[in-house]
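Here the structure is laid out as structure tokens; the discussion comes afterwards.
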Amino acid sequence: MTRISVFPAVRRGFSALAGVLLGLASWQPLAAQQTGLLETRESIYNNIFIFGDGDSVTMTFGHNKRYFTESRMKLSDPGALSVEYTKYMTLGVAYPPKVERILEIGLGGGSTVSYLSSALPDASIVAVEIDKDVVELARKHFRFTESEKLRTAVSDGRSYLMRDNAMWDVILIDAYRGPFVPFHLLTREFYALVKSRLAPGGVVVQNIEPSTMLFDSATATLNSVFPSVDLYEGGGNVVAVGYSGPSLRQAELRERAARAQERHKFRYDLRTMVDARRVLQRPTGKVLTDDFAPVETLRAIEQKNEKWKDQTEAPR
């Protein structure tokens, strides 16, 4: 789900919004992107607002008088990944020796899994989404369509993994409730569960917002379970890829990306994106556990967006 905060300047029918904080880095005017409220729902988990104009539709969650964009689609090009970091989420398919099964936790508008399903038509993909209203609105407004190979499960992501012992080649985690990742999807015990559901050579890929101290703890916790963690910056967010075994040499990862690109002809070239890789070397945060995960406190402490690079080095 996209991490873009939107602050309303006027609230009359939610018909005008002042701007958007894109990737938590810069303000941009919103008038050209979305001007009308298409639908609103108050679900058990979220206050959901669907905005749209002639060529775009955006799903936002309202939280503490702010809006947080969860998904965006360009109607004239629905197959595009309109938000930069979601392109880097697809890099997970370059790592495993084969990609036959993909699980995503957090559906949003369904753009990432729809893109992967189109590029990998033989892969079995399941998107786990806790909020049934999000699934319904993705179908209604974002052209999200399920098939024999692409299906959804309405469930909490961790509960789903606990109940289902299927093995996955790639597990994508992009679950937010407004500004927060639910703490139980950030703990050492959760990542141990994820690891137990990965096939040999499988990877976990997670979207982590980098502007607060929560990033330090999230990467340290991921690294406490997965000895190798690669980081990719995309549009102000950071995509983390965790896997077992020693860190891949850059030449080997480039070869894997090239093979996957040649075979599947991804619209967003894996060979180009893989060169943005940074290798986590010096995690600085405290490891989060089920009985110690002060997510809201850590998220309240801001840090410079570039600080995460102090914990990494360029791959060899």
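Just so you know, all these numbers are worked out from the coordinates, no wet-lab data involved. It should be emphasised that the depicted structure is a prediction, and the values quoted were computed from it without experimental measurement. No Cβ is skipped: glycine too gets one built from the backbone with ideal geometry, and neighbour counts run over all protein chains shown.
Highest average first, the peptides 167-176, 247-256, 69-78 ordered by how many other beta carbon atoms sit within 10 Å of their residues are 167-176, 69-78, 247-256. Coordinate range of the alpha-carbon atoms in region 147-268 per principal axis, descending: 38, 37, 28 Å. Potential lengthening of the chain between Val154 and Glu189 amounts to 10.4 nm, from the contour at 0.36 nm per residue minus the alpha-carbon distance. With each label modelled as a point 7 angstrom along the Cα→C-beta vector, the Ala80-Asp275 pair spans 2.3 nm. Only lysine pairs 8 or more places apart, or on different chains, with alpha-carbon atoms under 27 angstrom apart are counted in region 84-313, and they number 23.
Model label sites at Ala314 and Ser118, defined 7 Å from Cα along the beta-carbon direction, differ in position by 3.4 nm.
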